[in-house]
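> Below is the structure I would like to discuss, written out as structure tokens.
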Amino acid sequence: MHFDLTQDARRSSIAFQLREALGEAGWAAVTADAARSGVPKRHHHGIAQVRETIEGLNAPLAVKESMLGVYGILAEAEAQVHGCPVEETHFHEVGEGERILNTLMICFAFDQLGPGRITATPVQTGSGQVKCDHGIMDIPTPATKAILDQDIPVCEEKLEGELCTPTSAAIIKYFLFPEA
């Protein structure tokens, strides 16, 4: 499977490409599996809470391992940016229940698709500034940049807006560039 990330590398773009590959029936199964998994709607403030939630999900072990991998990458990037131990990282947007559910759907889709070989274009990070819980930040945000700086190719031409978030960068790192 080949992912085109040259225009948009957000979770929604990744999910759209997975949906296209799985077809409507396959995507319906993914959304149903994710809905039954039991992700609480509450906010998860740190990696310990996220891990506890993931481990308690009604999901296959492989999907849980993917979720733990993605959130582990996120926690490491946040720890690097904030100069603290991984266990002390604080999740803002990425800890919201809906964001965890969206990431779970992507992990279910990769598990269902089971692609033997995945390729991807360089990643479009976007440009400009974004308002988040830490205030106004340059794009890519520090956590996104920390993940992408692990030898993940990025597009030279930068389009306007935030086109790669920390979560999407972690998904890209985990599934598309695991050796980077």
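> (1) more than 25 Å from V30 (Cα to Cα); (2) free of Cβ contacts under 8 Å to residues at least 60 places away in the same chain: which one isn't true of G114, the others all being true?
(1)
> Quick test for you: out of A79, A48, pick the one residue that is crowded, with 17+ Cβ neighbours inside 10 Å, without any contact (Cβ under 8 Å) to a residue 40 or more places away in the chain and aliphatic (A, V, I, L, M). Reasoning before the result, please.
Working: A48 fails: crowded, with 17+ Cβ neighbours inside 10 Å.
One residue alone meets the criteria, A79.
> Which members of segment 134-158 meet the condition of being over 18 Å from the mean Cα position of the chain (by Cα) and either acidic (D, E) or exposed (fewer than 15 other Cβ atoms within 10 Å of the Cβ) (or both)?
Within segment 134-158, the first condition is being over 18 Å from the mean Cα position of the chain (by Cα), and the residues that meet it are 134-138, 155-158.
Matches in segment 134-158: H134, G135, I136, D138, E156, E157.
> Oh, and also: I'm told G161 meets every condition in (1) more than 21 Å from Q80 (Cβ to Cβ); (2) out of contact with any Phe, Trp or Tyr (no Cβ under 6 Å at 6 or more places or on another chain); (3) in a helix (DSSP H, G or I); (4) modelled with pLDDT of 95 or more except one. Can you identify the failing condition by its number?
(3)
> Which pairs turn up if I take residues in segment 157-175 that are touching a residue at least 12 places away in the same chain (Cβ under 8 Å) and look for partners that are of a type in the set (G, A, S) and assigned to a helix (DSSP H, G or I) with beta carbon separation below 6 Å, at least 6 apart in sequence or on another chain?
Cβ pairs passing all conditions: P166/A143; Y174/G69.
> Hey, among the residues in segment 87-130 that are small (G, A, S) and closer than 21 Å to D4 by Cβ, which one's surrounded by the most Cβ atoms within 10 Å (Cβ to Cβ)? Spell out how you get there, then give the answer.
Applying the first criterion (small (G, A, S)) to segment 87-130 yields 95, 97, 109, 114, 116, 120, 126-128.
From the residues that got through so far, the ones that are closer than 21 Å to D4 by Cβ too are 109, 114, 116, 120, 126-127.
Values: A109: 25, G114: 8, G116: 6, A120: 20, G126: 22, S127: 15.
Here the answer is A109.
> Just to verify a result, which residue in segment 164-177, among those that are in contact with a helix residue (DSSP H, G or I) (Cβ under 7 Å, 6 or more places away or on another chain) and outside any helix (DSSP H, G or I), is surrounded by the most Cβ atoms within 10 Å (Cβ to Cβ)? Don't jump to the end; show me each part of the working.
In the first step, residues of segment 164-177 are kept if they are in contact with a helix residue (DSSP H, G or I) (Cβ under 7 Å, 6 or more places away or on another chain); the result is 164-171, 173-175.
Next cut, outside any helix (DSSP H, G or I) only: 164-165.
Numbers: C164: 29, T165: 25.
Looking at residues that are in contact with a helix residue (DSSP H, G or I) (Cβ under 7 Å, 6 or more places away or on another chain) and outside any helix (DSSP H, G or I), I get C164.
> Limited to segment 1-48, what total is found for residues that are part of a helix (DSSP H, G or I) and either farther than 30 Å from C84 by Cβ or out of contact with any Lys or Arg (no Cβ under 9 Å at 6 or more places or on another chain) (or both)?
Step one: list which residues in segment 1-48 are part of a helix (DSSP H, G or I), which gives 11-36, 47-48.
Applying the additional criterion that residues be either farther than 30 Å from C84 by Cβ or out of contact with any Lys or Arg (no Cβ under 9 Å at 6 or more places or on another chain) (or both) yields 12-36, 47-48.
Qualifying residue count for the region: 27.
> On the given criteria, is V63 assigned to a strand (DSSP E or B) and of a type outside the set (D, E, K, R)?
Working: assigned to a strand (DSSP E or B): no; of a type outside the set (D, E, K, R): yes.
So V63 does not fit the description; no.
> Taking the options T103, T141, T31, T121, name whichever one is out of contact with any Asp or Glu (no Cβ under 7 Å at 6 or more places or on another chain), within 26 Å of K158 (Cα to Cα), β-branched (V, I, T) and touching a residue at least 60 places away in the same chain (Cβ under 8 Å). Reasoning before the result, please.
Numbers: T141 fails: touching a residue at least 60 places away in the same chain (Cβ under 8 Å); T31 fails: within 26 Å of K158 (Cα to Cα); T121 fails: out of contact with any Asp or Glu (no Cβ under 7 Å at 6 or more places or on another chain).
The conditions single out T103.
> Moving on to the next point. Based on what the data block shows, is T6 among the β-branched types (V, I, T), farther than 15 Å from A109 by Cβ, surrounded by fewer than 17 Cβ atoms within 10 Å (Cβ to Cβ) and modelled with pLDDT of 95 or more? Lay out the reasoning, then the answer.
Details: among the β-branched types (V, I, T): yes; farther than 15 Å from A109 by Cβ: yes; surrounded by fewer than 17 Cβ atoms within 10 Å (Cβ to Cβ): yes; modelled with pLDDT of 95 or more: yes.
Yes: the conditions hold for T6.
> When you scan segment 11-65, how many residues do you find that are in contact with a strand residue (DSSP E or B) (Cβ under 7 Å, 6 or more places away or on another chain) and polar (S, T, N, Q)?
Residues flagged as in contact with a strand residue (DSSP E or B) (Cβ under 7 Å, 6 or more places away or on another chain) and polar (S, T, N, Q) within segment 11-65 amount to 1.
> Does segment 117-137 contain at least one residue that is assigned to a helix (DSSP H, G or I) and more than 30 Å from E160 (Cα to Cα)?
Going through segment 117-137, the residues assigned to a helix (DSSP H, G or I) turn out to be none.
No, that holds for no residue.
The values are calculated or read from the model by the stated rules, or taken from the named source; none is laboratory data. Everything numeric in this text was worked out from a predicted model, so none of it was measured. When we count neighbours, we look across all protein chains shown, and the Cβ atoms used for this are built from the backbone with ideal geometry, even at glycine.
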